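Trainee: Sending over a structure as structure tokens; questions will come in a sec.
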Amino acid sequence: MVVKSRSQAAHQRLCISERALGHNVTFHPATCDVLTFDVSTCDVQTFRAMKPHYAKYLALGLFLALAVLPLLAGLGYVLAYSLGLVGFRSAGLTLVHWEAVLGSTFFWRTLAFSAYVAVMTIGLAVGAALWMVVTRPQAFLQGSLSLFIYFPLSIPAIVMAFFVFQMLSGGGLLSRIGYQLGLMEGLEQFPGLVNDTWGIGIITAHFLMAAPFFVILFANLYDNEKLAALVQLARTLGANPRQAAWRVAAPVLLQRAFAAIVLYGLFVMGAYEAPLLLGSQSQQMVSVLTIQKLQRFNLADIPQAYVISVAYAVLVLTLAVWLLGRGKRGDAR
Amino acid sequence: MANRLIKYFFIGLLLFPFAFLLLLSLGRGWAYPDVLPQHWTVENWRFIWGIQAGLGRSALLSLSISLGIAGPVTLASFVVSKFIAYDRHRRRWLVLAYLPYVFAPVILAACLQGFFLRAELSGKVWGVMVAQLFITFPYGVIFFSGFWNEHMLAMEQLVATLGGTVRQAYARVLIPIARGALMTCFFQVFLISWFEYGLTTLIGVGKVQTLTLKVFQYVTEANIFYAALASCLLVMPPVVLLWLNKKYVFSRVG
Amino acid sequence: MLLQAIDIKKDFGQEEVLRSARLELQAGEMLSILGRSGSGKTTLLKILAGLESPDSGQVLLEGRDITRLAPNERNIVYLYQEPLLFPHLDVFENVAFGLRLRRLPGEEVSDRVQRLLESLELPEQADKMPHQLSGGQRQRVAFGRALAVQPKVLLLDEPFGALDTETRASMQELLQHIARKFDITALFVTHDLKEAILMGSRIGLMQEGELKVYENKQAFIGDTTTGVQQELDFWRGLG
């Protein structure tokens with residue numbers, strides 16, 4: 001067991017998404033040694049004769065108070081607010097805010113844009129990571145790369161966003177290099193890669209955080225699932241290296257990491273820091289829009305912000321419960 | 001040879017953001033189209049302790065909040081996760097623990113803002129810490145849920161049949177065995193708190209000036225050198241941990 | 001009578017694991033319990049150790065009702081198939097573990113542990129960590145750790161199940177030897193017919209939640225439902 005460090009965008013997600021695979025995995029960053037434990041088959045009896053029941057109720061009570069209650073209370077309050085039941089301007093039950101939000105194009109555009117950023121980020125990062133791991137798995141399991149691949153994970157989203165801005169903005173490093181190389185005559189000729197309507201800056205920042213994360217995840221799964229042996233088997237059955245990598249290793253990795261991939265996608269959808277610094281005013285992501293509406297002086301915007309919160313919550317929580325609840329047969333005993 | 005070159009190029013790419021931020025933090029005057037800043041100075045770094053900047057104070061504040069969160073959360077989640085892991089409804093509990101994560105922390109903060117205002121915790125360090133508990137504690141529970149398996153239960157039962165009390169089982173077996181996991185959880189929770197921005201801004205209403213808020217403030221002020229400096233401070237602890245960690249791995253794991 | 005289990009009943013949800021299990025164990029006796037996996041052997045042992053509580057029935061130790069007594073107050077040690085050595089302690093400290101819990105003086109701990117290590121042919125391994133030992137050595141350390149606290153009853157749940165045939169045979173011999181030497185009272189659970197006959201002074205058969213204990217080995221071998229006769233016929237057929 002080792003100490004390891006990762007950025008917020010990555011380290012909490014790494015562990016969590018590994019656990020979402022149905023496994024609890026703890027990594028050694030360098031050795032990539034993995035401790036696996038299958039959640040779904042675990043049904044452990046407590047020792048009943050010892051009766052530490054009061055302790056159990058205390059513990060579960062603390063869990064409810066710190067993990068479940070805030071979410072429920074927050075959502076309940078916000079729902080009531082959005083329905084006009086509480087708040088400064090509450091005037092009794094009304095659906096007017098819900099109609100205003102759900103009937104507007106900006107809400108659906110924001111949701112669609114958030115989903116687009118998530119899908120693009122995940123698609124690019126998973127694709128790149130898969131390619132790197134199946135073509136040279138050992139590179140990320142031993143040697144210096146197995147350490148350095150962890151470094152990007154120690155960059156928090158806000159710093160990554162700042163870095164990407166300094167790279168890709170009109171006055172950024174790429175533009176300056178382009179100018180020095182004679183590729184352009186001024187910064188106005190540099191394409192708008194940040195604060196753009198296509199979210200290129202946001203996707204780049206998230207890609208830079210997600211790709212190393214998936215490389216580490218896939219490399220560890222590769223090791224853990226003993227894919228090297230499967231690939232060798234495929235080779236003896238007549239597969240060429242490319243077929244072995246893409247018809248055996250890649251599908252297994254994708255299947256095992258499916259929950260992690262979807263969860264990471266949900267994280268990107270709800271991301272705040274990178275869209276705040278790199279997004280455009282005309283095309284926003286969900287978190288940014290919600291907070292902006294909440295912080296405006298126009299009080300009518302507050303219930304709308306809460307409508308968005310509830311709608312978003314219903315969407316992602318449903319997805320998450322579905323995802324995490326899959327294949328839970330055998331646990332009901 | 002080509003493979004080795006590719007590898008070093010790749011390592012260079014991975015380390016480039018760190019080098020770039022460090023260079024920028026040592027620069028002054030970066031007019032377009034210069035590729036590098038015109039002047040180099042350590043003045044920016046001295047500025048950390050300057051009175052009006054309060055960057056040093058922000059770093060200390062972030063450090064206090066993160067340490068204050070990491071210790072109690074690690075211990076509490078270690079114990080609580082045991083009861084959850086051994087419960088018949090283990091999976092349901094764990095799904096509940098995931099939800100605060102899937103739900104963006106900043107939107108969670110938006111939903112809870114009203115309660116924090118009423119409890120007069122808004123804009124206070126305590127308030128920010130309480131809010132951070134809501135996302136770090138479930139994380140700790142998920143983290144340790146894998147530690148408590150049948151093997152560990154059998155160990156605990158063995159201690160009992162050998163005559164040990166629950167307290168002795170913790171002190172002499174469970175905690176010593178979990179030492180590595182406890183440290184890992186401690187640092188991870190520390191980092192979640194250390195990197196937290198959205199929730200801290202909202203609950204702290206900008207008054208609890210942690211390092212992440214400073215980065216954002218300098219970025220919006222277009223003060224890229226100080227933003228880079230604050231970024232360096234922010235990135236330093238995880239990088240140091242990662243480096244220590246590597247040694248730890250090699251010295252402890254054969 | 002040292003240990004008695006009276007009409008032990010235990011359900012897990014819909015599943016009736018123990019219907020009405022009874023057993024009696026004399027001091028110094030080793031009773032083998034034979035049964036298929038899932039027949040309730042482990043549950044019975046855990047109830048005797050206090051790690052599970054029965055739905056009904058009684059457990060008596062030296063005539064005293066211990067059914068509701070916590071496992072750490074029974075002085076009945078339960079050993080698993082896995083040796084479960086504490087990975088952070090060396091061999092010496094693993095064996096000394098129970099004595100340290102009881103806060104015995106250092107010298108006494110040292111004496112007792114040394115003697116046990118010698119009986120278990122482990123004196124050279126005292127400073128080693130568990131991961132440096134072989135499977136058989138680990139199981140011996142686990143025995144030493146149990147014997148150190150001088151338990152009234154030792155519950156052995158397929159202790160040699162994870163060992164290879166050769167190590168298993170030598171461990172069976174060692175256990176018989178130390179059982180005599182330390183006058184151990186034990187329940188030995190196994191699903192191996194030969195091992196059950198070899199280890200037990202009497203044999204019990206666990207079937208469908210009930211335990212049938214035979215008067216002696218002959219009665220067990222003579223019973224056509226135990227499968228011993230088929231086994232004998234098979235070997236005779238080869239000859």
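Read the figures in this text as sums done on the coordinates, not as results from a lab. Model, not experiment: these values are computed from the prediction. Backbone-built Cβ (ideal geometry, glycine too); neighbour counts: all protein chains shown.
Trainee: Specify the angular offset, from 0 to 90 degrees and rounded to the nearest 10, of the alpha carbon long axis of helix B:90-102 from the longest principal axis of the alpha carbons in chain B.
Mentor: 10
Trainee: Students often get this wrong: which residues of segment B:8-26 have the backbone nitrogen under 11 Å from the point 7 angstrom along Cα-to-C-beta of B:Thr41?
Mentor: Counting backbone N atoms under 11 Å from the label point, the list is empty.
Trainee: What's the average, rounded to a whole number, of partner chain beta-carbon atoms within 10 Å of each residue's beta-carbon in C:40-50?
Mentor: The mean count of partner-chain Cβ atoms within 10 Å per residue comes to 2.
Trainee: Give the aspartates and glutamates whose C-alpha is closer than 14 Å to that of C:Lys46, dropping any in the same chain fewer than 8 places away, or say none.
Mentor: Those aspartates and glutamates meeting the cut-off are B:Glu156, C:Asp11, C:Asp55, C:Asp157, C:Glu158.
Trainee: Let me ask something else. Hey, with R₀ at 22 Å, roughly what FRET efficiency would C:Lys217 and C:Thr165 work out to, going by the Cβ-Cβ distance, to 0.05?
Mentor: 0.45
Trainee: 7 Å from Cα along Cα→Cβ at both B:Asn223 and A:Tyr54: what's the point-to-point distance in nm?
Mentor: 5.5
Trainee: Follow-up. Relative to the longest principal axis of chain B, what angle (0 to 90°, nearest 10) does the C-alpha long axis of helix B:150-161 take?
Mentor: It is inclined by approximately 50 degrees.
Trainee: Same structure again: Could you tell me the distance between the Cα centroids of segment C:18-60 and segment B:129-153, to the nearest Å?
Mentor: Cα centres, segment C:18-60 to segment B:129-153: 36 Å.
Trainee: Grab the DSSP H runs of chain C that are 4 residues or longer, score each as -39,500 (n - 2.57), total them, divide by all residues and round the 222 nm result to the nearest 500 deg cm²/dmol.
Mentor: Estimated from H runs of four or more residues: -11500 deg cm²/dmol.
Trainee: Still on this structure, please answer the following. Say each of A:Lys226 and A:Thr197 gets a label point 7 Å from the Cα, pointing the same way as Cα to Cβ; how far apart are those two points in nm?
Mentor: 5.5
Trainee: Just checking the output field for B:135-145: average partner chain Cβ neighbours within 10 Å of each residue's Cβ? Present the calculation step by step, with values, prior to reporting the outcome.
Mentor: Values: counts 5, 2, 6, 7, 5, 2, 5, 8, 6, 1, 5.
Whole-number average of other-chain Cβ neighbours for B:135-145 is 5.
Trainee: Mind jotting down the distance between the C-alpha centroids of segment B:1-44 and segment C:151-215, whole Å?
Mentor: Result: 70 Å between the Cα centres.
Trainee: Sorted from fewest to most neighbouring beta carbons within 10 Å, what does the list A:Phe297, B:Phe225 look like?
Mentor: Lowest count first: A:Phe297, B:Phe225.
Trainee: Right, here's the next one. Calculate, in nm to one decimal, what C:Glu73 and C:Asp11 gain on full extension: separation in residues at 0.36 nm each, minus their alpha carbon distance. Mind showing how you got there, number by number?
Mentor: Details: separation 62, 0.36 × 62 = 22.32 nm, distance 2.48 nm.
Full extension from C:Glu73 to C:Asp11 adds 19.8 nm.
Trainee: Something else now. State the antiparallel share, in %, of DSSP beta bridges confined to the protein assembly as shown, rounding to the nearest 5. If you can, show how the numbers build up before the last one.
Mentor: Numbers: 25 of 43 bridges.
Bridges in the protein assembly as shown that DSSP calls antiparallel: roughly 60 percent.
Trainee: Using the Cα gyration tensor of segment C:1-121, with a ≥ b ≥ c the square roots of its eigenvalues, what is the shape: rounded (a/c below 1.5), prolate (a/b larger than b/c) or oblate (neither)?
Mentor: prolate
Trainee: Nearest 0.05, what FRET efficiency do A:Arg247 and B:Phe10 give at R0 = 25 Å with Cβ-Cβ as r?
Mentor: FRET efficiency, A:Arg247 to B:Phe10: 0.45.
Trainee: Between the helical axis of B:2-25 and the dominant principal axis of chain B, each derived from Cα atoms, what acute angle in degrees is found, rounded to the nearest 10?
Mentor: Taking the Cα atoms of chain B, the angle to B:2-25 is about 70 degrees.
Trainee: So which DSSP H runs in chain C come out at 15 Å plus along the axis (Cα) with average Kyte-Doolittle of at least 0.5? Present the calculation step by step, with values, prior to reporting the outcome.
Mentor: Values: long enough: C:91-101 (16 Å, 1.05); C:106-119 (20 Å, -0.89); C:135-148 (20 Å, -0.39); C:165-181 (24 Å, -0.86); C:228-238 (16 Å, -0.47).
Helix filter hits for chain C: C:91-101.
Trainee: Sort chain B into rounded, prolate or oblate with this rule: let a ≥ b ≥ c be the square roots of the eigenvalues of the Cα gyration tensor; rounded if a/c is under 1.5, and if a/c is not under 1.5, prolate when a/b is larger than b/c, oblate otherwise.
Mentor: It is oblate, given that a/c is not under 1.5 and a/b is not larger than b/c.
Trainee: Give the percent of DSSP beta bridges with both residues in chain C that are antiparallel, rounded to the nearest 5.
Mentor: 50
Trainee: Given the C-alpha centroids of segment A:253-321 and segment A:103-141, what is the distance between them in whole angstrom?
Mentor: First find each Cα centre; the distance between them is then 15 Å.
Trainee: Determine the shielding of peptide B:219-230 by partner chains: average, over its residues, the number of Cβ atoms on other chains within 10 angstrom of each Cβ.
Mentor: Partner-chain Cβ atoms within 10 Å, mean over residues of B:219-230: 2.
Trainee: Right, something else. Suppose each label sits 7 Å from its Cα in the direction of the beta carbon; what would the C:Gln230-B:Leu60 distance come out to in nanometres?
Mentor: 8.0
Trainee: Separate question: Please rank A:Ile203, C:Ile197, fewest neighbouring Cβ atoms within 10 Å first, as an exposure proxy. Intermediate results must be reported in sequence, preceding the final value.
Mentor: Details: A:Ile203 24, C:Ile197 17.
Least to most surrounded, the residues fall as C:Ile197, A:Ile203.
Trainee: Okay, moving on. Cα-Cα pairs above 32 Å in chain C: how many percent? Walk me through the intermediate numbers first.
Mentor: Values: 6323 of 28441 pairs.
Result for the distance tail: 22 percent.
Trainee: Right, another one. Could you list B:Ile107, B:Ile6, C:Ile6, B:Ile224 in order of exposure, starting from the residue whose Cβ has the fewest other Cβ atoms within 10 Å?
Mentor: Ranking B:Ile107, B:Ile6, C:Ile6, B:Ile224 by Cβ neighbours within 10 Å, fewest first, gives B:Ile6, C:Ile6, B:Ile224, B:Ile107.
Trainee: Based on the Cβ-Cβ distance from C:Glu24 to A:Leu64, what FRET efficiency comes out when R0 is 45 Å, to the nearest 0.05? List each step's numbers first, then the result.
Mentor: On the way: r = 47 Å, r/R0 = 1.05.
Between C:Glu24 and A:Leu64 the formula returns 0.45.
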